[in-house]
Amino acid sequence: MNLVATRTGRCSASVQTVEGIEQHRDYLFHNALGRIRDREAAEDAVQDSFLAAFAGADRFTGAACQRTWLTAILKHKVCDQVRRTCRDRALFEPTTPRDCDDLDRRGIDDFASAQDVNPSVALERKELRVAIEKAISRLPHRMAKAFSLYECDNHSGREVRETLNVSENNLWIMLHRARKQLRDDLLPWYSAAA
């Protein structure tokens, strides 16, 4: 039996035929493609939705339109697909630290050995460090001190305010201006590196 919409907007259907579900393939595919933005992954999600719909056909009561029911199944399959992709990406990404927290969690020896593998990365990091130090040296003295204490030495905002004897609002303004000036100063370096 195929999907039949009544004038009241209610739908009655049963999921007994492949044609009853297949008529929604294009709609579901474009829905999945809009969420995942990968054709193959969207096709996989639609296929998984169809398999789940056939497996759970006895639970379809017809309280909602078949398309609505299939779309709900698809949403869950898309979430599964995204989780699987994230899990796979986490398994296969390189394990070099990305920030100070990663460096703290790993040993210094691990970080050094990872850098020894690729000398060009080590050189690039050294050049970046020099460029950052030059950019910080061009900041006004108090701004450079506030930025260094807060961002480089990991002091709390309270500690930096007490050291420099500035208000909380003044500290955040100084940090904002320092970041903006550093970004402007380092933009040519990043453009050349890209």
So which residues in the stretch 35-45 are part of a helix (DSSP H, G or I), surrounded by 12 or more Cβ atoms within 10 Å (Cβ to Cβ) and either of a type outside the set (Gly, Ala, Ser) or not assigned by TED's automatic domain parsing to the domain that holds GLN23 (or both), if there are any at all? ARG35, ILE36, GLU43, ASP44
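Here is a list: VAL166, VAL160, VAL130, VAL121. Which entry is surrounded by 13 or more Cβ atoms within 10 Å (Cβ to Cβ) and within 30 Å of the chain's Cα centre (by Cα)?
VAL121
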Residues (in a helix (DSSP H, G or I) and among the polar types (S, T, N, Q)) located in the stretch 132-179: SER137, SER148, THR163, ASN169, ASN170
Matching residues in the stretch 116-170 - criterion: being charged (D, E, K, R) and closer than 24 Å to ASP185 by Cβ: GLU124, ARG125, LYS126, GLU127, ARG129, GLU133, LYS134, ARG138, ARG142, LYS145, GLU151, ASP153
Test: residue in the stretch 128-150 that is in contact with a Gly (Cβ under 9 Å, 6 or more places away or on another chain) and at pLDDT 90 or above: no
Count of the stretch 46-67 residues which are without any contact (Cβ under 8 Å) to a residue 40 or more places away in the chain and assigned to a helix (DSSP H, G or I): 12
Checked pairs for the stretch 134-158, first touching a residue at least 12 places away in the same chain (Cβ under 8 Å), second assigned to a loop (DSSP other than H, G, I, E, B), C-beta under 6 Å and 6 or more apart or across chains, list as LEU149/HIS155
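The values are calculated or read from the model by the stated rules, or taken from the named source; none is laboratory data. What you see is a predicted model; the values in this text were computed from it and never measured. Positions of Cβ are generated from backbone atoms using ideal geometry, with glycine treated the same way; all protein chains shown enter the neighbour counts.
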